[in-house]
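> I'd like to ask some things about the structure below.
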Amino acid sequence: MAPKFGTSGLRGLVTELTPDLVADYTRSFLATCPVGTGLWVGRDLRASSPLLAEGVIAAARGEGVTVTDCGAVPTPALAMASMAAGAAAVMVTGSHIPADRNGLKFYVPGGEITKAEEAAILGGLGRDPAGLTAPRRNSFEISGDWAARYRGAFGRCLDGMKVGVWAHSAVSRAGLVACLEALGAQLVVLGPSEVFVPVDTEAVPAEVRAQLPGWVRGLDAVVSTDGDGDRPLVADAAGRIVPGDVLGQITAALVGAETVVTTVSANSGVDLSGRFGRVIRTRIGSPYVIAAMEAAGGRVVGYEPNGGFLLGFDAAGPWGPLPRLMTRDSLLPIVAALIEARRTGSLAARVALEPARFTVTDRLEGIAPEASGALLARLGAGELAGFLAPLGQVASVDRSDGLRATLEGGAIVHLRPSGNAPEFRVYAEAETVAAAEALMALAFAQVRKALA
């Protein structure tokens, strides 16, 4: 399958991300989007990332653009630093997808690229190299700045907490450890890996879930991120994973948000909580969330069910300012969850204060977009009620992104293809974890059968 360009940048098999293709997208990005003071380049810890990063750097320098090489660095740290410098950025990462794939994420000086800028990049492909040259600089202090952001706002807010950090192959692991230690937590580093481990915070594999209760024994929580550090993973003292959208609700309340922007796939607890003046729903993907946040203005935040959190206003912690950061971040929701766990006695106690709505997510991998599209077209043409009959009677359907069906009684099933990988995603929402998991089992079996 050819590389795909969309919501999360360019994604594809490493074998298909050829030097010519990488150079073509880099040149088009620099020609069609604002660059500001230059280009900052970072990468995750996949074996393929250093070579791809060199391709981006060479192409940019050939266009006469000064490049700051940031090495291995978390995506939010790169974005934070490049925006502060008034520069564009490219992050070489496949995020949570398997190691045989990789990609490029593009940032303009103001933050993540918009849908209009995506279209401009696609329209600018195929231009000839300029044949110029420009300087290359190195900067390796970015992860420390990312961690220091939270130390400055919250001080030693985690004194006395014992936290496990699942390091795996996350490029954010050093920054995460530095941040939590600076905040006063006692840390145990778990499962570091020199081989890349794909971690999808929305669909954590069963074998990882099985490990968490053993890892967390004697600890208050276990935390981690996906491969490039823009999505959090948090488990409580029993090893239960806190869903990303619940982390979003907790974080939004902690920073004092008045408006919350989230995707149609996020659970309805944010609407039922009554804590926020306005809740805005968008299609799935951070560009849609960011566009709605910018339109809303004021004390606005955004998040997705993967847990990536966007702070759209200058907030304040008890020790100092917490400036806005309009890109998906994993550290703020991790820190917020731990602060709230310390305040309420446990993370489970804090989660229990949220409305009783729980979402379970899973995915079928290796599903071609054509197959996903055909299934949704068939269901959208009148077969959805029959397809979901084993789960319950359909009360209403939201078609803004895939098919999101609310059943009689309030449970929800959401079916959609992934926007950045050959996968089909299934979401189930109910009033208890057990009910959501049971609903997921039925829905997933239906989808698997239909796409077999």
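The values are calculated or read from the model by the stated rules, or taken from the named source; none is laboratory data. Treat the numbers as computed from the prediction; the structure is a model and nothing was measured. A quick note on method: Cβ atoms are made from the backbone with ideal geometry, for glycine too, and the neighbour counts reach across all protein chains shown.
> So, in the stretch 306-339, exactly how many residues are out of contact with any helix residue (DSSP H, G or I) (no Cβ under 9 Å at 6 or more places or on another chain) and of a type in the set (Asp, Glu)?
Qualifying residue count, the stretch 306-339: 1.
> On the given criteria, is ALA238 assigned to a loop (DSSP other than H, G, I, E, B) and either touching a Phe, Trp or Tyr at 6+ places or on another chain (Cβ under 6 Å) or over 24 Å from GLY155 (Cα atoms) (or both)?
yes
Each row is one residue, and each column tells you yes or no for (1) of a type in the set (Lys, Arg); (2) farther than 23 Å from ALA134 by Cα.
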site	(1), (2)
LEU39	no, no
ARG46	yes, yes
ALA72	no, no
ALA85	no, no
ALA89	no, no
GLY94	no, yes
ALA99	no, yes
PRO109	no, no
GLU118	no, yes
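> Further, regarding this structure: Check ARG149, ARG156 and return the single one that is touching a residue at least 24 places away in the same chain (Cβ under 8 Å), over 30 Å from ALA31 (Cβ atoms) and in a loop (DSSP other than H, G, I, E, B).
The conditions single out ARG156.
> Take the residues in the stretch 131-159 that are in contact with a helix residue (DSSP H, G or I) (Cβ under 6 Å, 6 or more places away or on another chain) and among the small types (Gly, Ala, Ser), then tell me which one is nearest to ALA53 (Cα to Cα).
Filtering first and then ranking leaves ALA134.
One line per residue, one yes/no per condition, for (1) touching a residue at least 12 places away in the same chain (Cβ under 8 Å); (2) surrounded by fewer than 24 Cβ atoms within 10 Å (Cβ to Cβ); (3) in the same structural domain as SER330 (by TED's automatic domain parsing); (4) among the hydrophobic types (A, V, I, L, M, F, W, C):
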position	(1), (2), (3), (4)
GLU54	no, yes, no, no
ALA58	yes, yes, no, yes
THR68	yes, yes, no, no
GLY71	yes, yes, no, no
ALA77	yes, no, no, yes
ALA87	yes, yes, no, yes
GLY94	yes, no, no, no
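> Keeping to the stretch 279-300, report how many residues are under 22 Å from HIS414 (Cβ atoms) and either in contact (Cβ under 8 Å) with a residue 60 or more places away in the chain or in a strand (DSSP E or B) (or both).
12
> Any residue in the stretch 192-213 that is within 22 Å of GLY308 (Cβ to Cβ) sitting within a Cβ distance under 6 Å of a residue that is charged (D, E, K, R) and assigned to a loop (DSSP other than H, G, I, E, B)? List the pairs, counting only those 6 or more apart or interchain.
PHE196/ARG46; VAL199/ASP226; THR201/ASP226; THR201/ARG231
> Could you please give the count of residues in the stretch 117-152 that are aliphatic (A, V, I, L, M), farther than 10 Å from THR32 by Cβ and within 24 Å of the chain's Cα centre (by Cα)?
3
> Can you spot a residue in the stretch 30-50 that is closer than 25 Å to PRO198 by Cα and surrounded by fewer than 19 Cβ atoms within 10 Å (Cβ to Cβ)?
yes
> Shifting gears a bit: Could you list all residues from the stretch 182-225 that are among the polar types (S, T, N, Q) and either modelled with pLDDT of 95 or more or in contact with a His (Cβ under 8 Å, 6 or more places away or on another chain) (or both)?
Residues satisfying the conditions are GLN186, SER193, THR201, SER224, THR225.
> Then there's this: I'd like the residue in the stretch 358-402 that is loosely packed, with under 13 Cβ neighbours inside 10 Å and in a loop (DSSP other than H, G, I, E, B) and, out of all such residues, is nearest to the chain's Cα centre (by Cα).
So the residue we want is GLY366.
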